[in-house]
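Trainee: The structure follows.
Throughout, read-outs are computed from the coordinates displayed, never taken from laboratory work. This is a predicted model, so every value here is computed, not measured. For neighbour counting, all protein chains shown are included, and Cβ atoms are generated from backbone atoms with ideal geometry for every residue, glycine included.
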Amino acid sequence: MTVIEKGSARLILAPEAGGAIAGFTIAGRDIMRPTPAGANDALDTASFPLVPFCNRIPNGRVTFEGREVVLPPNLGDHPHALHGQGWRGAWTVERAEGDAAVLAYVHAADAWPWAYRAEQTFTVDEAGFRVVLSVTNTGETAMPAGLGFHPYFPRRTGETLTAANDGVWMINADVLPTVHHAGPWEVDLAAGAAVEGRGLIDHCFTGWDQRAVLAAPGAPDTVITASPENRWLHVYIPPAESFYCVEPCASRPNPFGEGETGMTRLQPGESRSIWMDVRSA
């Protein structure tokens with residue numbers, strides 16, 4: 001574990017577990033879901049990076065500029081490649097002192113046939129932190145790239161989630177997007193929606209304005225903001241769990257599907273970056 005802090009704010013990093021955040025506290029209060037002792041899977045952490053794509057690729061099949069690629073499953077027997085490679089690899093601590101840290105992950109071409117370097121830069125202040133996630137194409141041909149964040153938050157009594165949006169992608173049984181529904185659906189996040197008392201929500205909301213507010217009676221709000229590239233907000237609210245996820249993403253599920261998905265094309269040596277702020281207000 002690697003710890004950086006400022007005042008009573010403490011950010012715990014787990015570079016060996018997919019470059020994840022293991023916890024974030026202010027004055028001992030958990031702002032994000034804490035990682036259980038001994039856990040070493042990014043899925044058990046407080047947050048992990050999505051690089052070089054977000055969410056699911058159906059059956060791991062990619063077509064990019066005439067090249068056919070098949071990615072192996074990376075979540076047990078789930079058939080759809082998920083969230084890229086960064087969350088399944090160990091990251092290197094390049095610097096960690098005081099209130100700042102830099103983690104790096106280097107990917108050599110394999111089933112994902114494009115080499116790249118990913119980097120996370122963390123900075124903590126007394127009310128929150130910012131993480132900048134970047135990816136650089138280190139190969140010799142153009143590479144597709146998408147980025148995102150996967151933070152988990154404690155589900156507090158009476159919690160509401162507010163996030164402007166203009167619609168949501170419907171999903172099938174494999175949690176893959178099917179059709180886009182304009183306007184409110186199931187939960188009206190733009191007006192503020194209760195987190196409790198719902199079935200599974202595992203949907204990508206569109207037209208997000210890069211700000212989400214998590215509010216609970218008698219407690220400070222948690223405010224998530226993100227860079228303009230994060231036009232999609234993926235919300236995961238599993239029934240009967242003690243957590244939920246509010247995920248700023250610069251590309252949507254099925255990132256090689258039809259329409260505008262947010263995936264970009266990086267020439268050799270080119271980079272792309274996004275950021276996310278999490279703070280108590």
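Trainee: Give the long-range amide H neighbours of Tyr152: residues separated by 5 or more places, or on another chain, with amide H under 5 Å away, using H modelled in the peptide plane at 1.01 Å from N.
Mentor: Amide H neighbours of Tyr152: Arg33, Ser47.
Trainee: Using θ = phi - 60° and the Karplus relation 6.51 cos²θ - 1.76 cosθ + 1.60, list the HN-Hα couplings for segment 232-241 in order, rounded to whole Hz, with x at every Gly or Pro.
Mentor: Ordered by residue, 3J(HN,Hα) equals 10, 10, 8, 10, 10, 10, x, x, 6, 9 Hz.
Trainee: Once Lys and Arg get +1 and Asp and Glu get -1 on their Cβ, which of Asn59, Ala96, Gly76 lies farthest toward the positive end of the dipole of segment 48-99?
Mentor: Final value for the positive-end residue is Asn59.
Trainee: Under 5 Å between amide H atoms, partner at least 5 residues away or on a different chain: which partners does Gln85 have, H built in plane at 1.01 Å?
Mentor: Val51, Phe53
Trainee: Same structure again: To the nearest Å, what is the center-to-center distance of segment 159-229 and segment 260-277, using C-alpha atoms only?
Mentor: 23
Trainee: Step through the residues of segment 72-79 one at a time and calculate ³J(HN,Hα) from phi using the Karplus curve (6.51 cos²θ - 1.76 cosθ + 1.60, θ = phi - 60°), rounding each to whole Hz and writing x for Gly and Pro.
Mentor: In residue order, the calculated couplings are x, x, 10, 9, x, 8, 5, x Hz.
Trainee: Separate question: At 4 °C and a viscosity of 1.567 mPa s, what translational diffusion coefficient does Stokes-Einstein give for segment 1-132, taking Rh as the Kirkwood radius over Cα pairs? Give it in µm²/s as a whole number.
Mentor: 83
Trainee: Something else now. State the Kirkwood hydrodynamic radius of segment 102-166 in Å, one decimal place, computed from all pairs of distinct Cα atoms.
Mentor: Kirkwood hydrodynamic radius for segment 102-166: 15.1 Å.
Trainee: Could you pull out which residues in segment 257-281 have an amide N less than 20 Å from a spot 7 Å beyond the Cα of Glu140, following the Cα-Cβ vector?
Mentor: Backbone N within reach: 266-271.
Trainee: Pop a pseudo-label 7 angstrom from the Cα along the beta-carbon direction at both Ser271 and Glu186 and give the gap in nm to one decimal.
Mentor: Roughly 3.8 nm, to one decimal.
Trainee: Quote the charge dipole size of segment 2-280 about the Cα centre in Debye, to the nearest 20; the model charges only the Cβ of Lys and Arg (+1) and of Asp and Glu (-1).
Mentor: 100
Trainee: Need the full-extension length gain, Val93 to Ala27, defined as separation in residues times 0.36 nm minus the C-alpha distance. One decimal, nm.
Mentor: Contour length minus the Cα-Cα distance gives 21.2 nm.
Trainee: Something else: Would you mind telling me which residue in Gly98, Gly146, Gly262 has the biggest mean-square fluctuation in a Gaussian network model of the chain, where springs connect alpha carbons within a distance under 10 angstrom?
Mentor: Among Gly98, Gly146, Gly262, the largest GNM mean-square fluctuation belongs to Gly98.
Trainee: With θ set to phi - 60° and the Karplus curve 6.51 cos²θ - 1.76 cosθ + 1.60, what are the ³J(HN,Hα) couplings of segment 60-71 in order, to the nearest whole Hz, using x for Gly and Pro?
Mentor: The phi angles translate into x, 9, 10, 10, 9, 6, x, 9, 9, 10, 10, 9 Hz.
Trainee: When the dipole is taken about the Cα centre of segment 144-256, and only Lys, Arg (+1) and Asp, Glu (-1) are charged at their Cβ, what size is it in debye, to the nearest 20?
Mentor: Numbers: 6 positive and 12 negative charges, 22 e Å.
So the magnitude is around 100 debye.
Trainee: Which three numbers, in whole Å and largest first, are the semi-axes of the equivalent ellipsoid of segment 6-64 derived from its Cα gyration tensor as √(5λ)?
Mentor: 29, 12, 9
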